[in-house]
1. Please specify each residue of the stretch 43-63 satisfying the condition of being more than 10 Å from the chain's Cα centre (by Cα) and of a type in the set (Ser, Thr, Tyr).
2. Just to be sure I understand the filter: pairs with C-beta atoms under 7 Å, separated by 6 or more residues or on different chains, first member in the stretch 64-92 and more than 23 Å from Glu104 (Cβ to Cβ) and modelled with pLDDT of 95 or more, second member part of a loop (DSSP other than H, G, I, E, B) and of a type outside the set (S, T, N, Q). Which pairs pass?
3. Taking the residues in the stretch 1-50 that are exposed (fewer than 12 other Cβ atoms within 10 Å of the Cβ) and polar (S, T, N, Q) as candidates, determine which candidate is nearest to Leu98 (Cα to Cα).
4. Quick one: in the stretch 79-113, of everything that is over 20 Å from Glu56 (Cα atoms) and touching a Phe, Trp or Tyr at 6+ places or on another chain (Cβ under 6 Å), which residue is surrounded by the most Cβ atoms within 10 Å (Cβ to Cβ)?
5. Please give the number of the condition Ser77 fails out of (1) farther than 22 Å from Pro5 by Cα; (2) more than 12 Å from the chain's Cα centre (by Cα); (3) of a type in the set (Ser, Thr, Tyr).
6. Restricting attention to the stretch 65-78, and to residues there that are in a loop (DSSP other than H, G, I, E, B) and out of contact with any Ser or Thr (no Cβ under 8 Å at 6 or more places or on another chain), which single residue is surrounded by the most Cβ atoms within 10 Å (Cβ to Cβ)?
7. So if I check each of Ala24, Ala18, Ala49, which one is assigned to a loop (DSSP other than H, G, I, E, B), farther than 21 Å from Ser111 by Cα and free of Cβ contacts under 8 Å to residues at least 60 places away in the same chain?
8. Determine, yes or no, whether Gly92 is in contact with a helix residue (DSSP H, G or I) (Cβ under 7 Å, 6 or more places away or on another chain) and part of a loop (DSSP other than H, G, I, E, B).
Amino acid sequence: MSPGPVVTPIELSPGELAQVRFTADGLVAAIAQDRAGGQVLMLGWMNEATLRETLETGRMVYWSRSRQQRWAKGDTSGNRQWVREAFYDCDGDVLLFLVEQEGEGACHTGSFSCFYRRFGGDGPGATTATHEGHEPGFTDDQQ
């Protein structure tokens, strides 16, 4: 059996947390980007608790707006995301996580990235090569 992924906890200082601007609902946008290839994988939401858990454990944990509950990416699908670096933008209202994507990918449709549909392509629903051949299907990881 091979060892699991290396966990990379990131220490969060009180000053850094104070720079994060949560919405009126207590959420902040969180982008997951593939560290190896640079592809944007998905956009999710975090509250203060899931942000802290993500940084402490080194594993992406989101807040599901539709289910109103904590959502650890990959608990049911196995498509976990392991944090390697974390950033917040100049306004503090968007977070960026460079991750190691485990499993099939980030999208509940089976695509590596949730951003496989292109505007101005070859008609409605034009997709990129990374999604061709995948039939939409839903897992418990769906937001």
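1. Once the filter is applied, which keeps residues that are more than 10 Å from the chain's Cα centre (by Cα) and of a type in the set (Ser, Thr, Tyr), the stretch 43-63 yields Thr50, Thr54, Thr57.
2. Ala86/Ile10; Tyr88/Val20; Asp91/Arg21; Gly92/Val20; Gly92/Arg21
3. From the stretch 1-50, those exposed (fewer than 12 other Cβ atoms within 10 Å of the Cβ) are 1-4, 6-7, 11, 13-15, 18, 23-25, 36-38; that's our starting set.
Those still in the list that are polar (S, T, N, Q) too: 2, 13, 23.
Values: Ser2: 23, Ser13: 19, Thr23: 23 Å.
Selected residue: Ser13.
4. It comes out as Gly105.
5. With respect to (1) farther than 22 Å from Pro5 by Cα; (2) more than 12 Å from the chain's Cα centre (by Cα); (3) of a type in the set (Ser, Thr, Tyr), Ser77 is out only on (1).
6. The initial filter retains those residues of the stretch 65-78 that are in a loop (DSSP other than H, G, I, E, B), namely 65-68, 73-78.
Within this subset, residues satisfying the condition of being out of contact with any Ser or Thr (no Cβ under 8 Å at 6 or more places or on another chain) are 65-68, 73-75, 78.
Working: Arg65: 13, Ser66: 8, Arg67: 11, Gln68: 7, Lys73: 25, Gly74: 20, Asp75: 15, Gly78: 11.
My answer is Lys73.
7. Values: Ala18 fails: assigned to a loop (DSSP other than H, G, I, E, B); Ala49 fails: assigned to a loop (DSSP other than H, G, I, E, B).
When all the criteria are applied, what remains is Ala24.
8. Working: in contact with a helix residue (DSSP H, G or I) (Cβ under 7 Å, 6 or more places away or on another chain): yes; part of a loop (DSSP other than H, G, I, E, B): yes.
Yes; evaluated as a whole, the condition is true for this residue.
The values are calculated or read from the model by the stated rules, or taken from the named source; none is laboratory data. Keep in mind that what you see is a predicted model, and the values were worked out from it rather than measured. Here the Cβ is made from the backbone with ideal geometry for all residues, glycine too, and neighbour counts use every protein chain on show.
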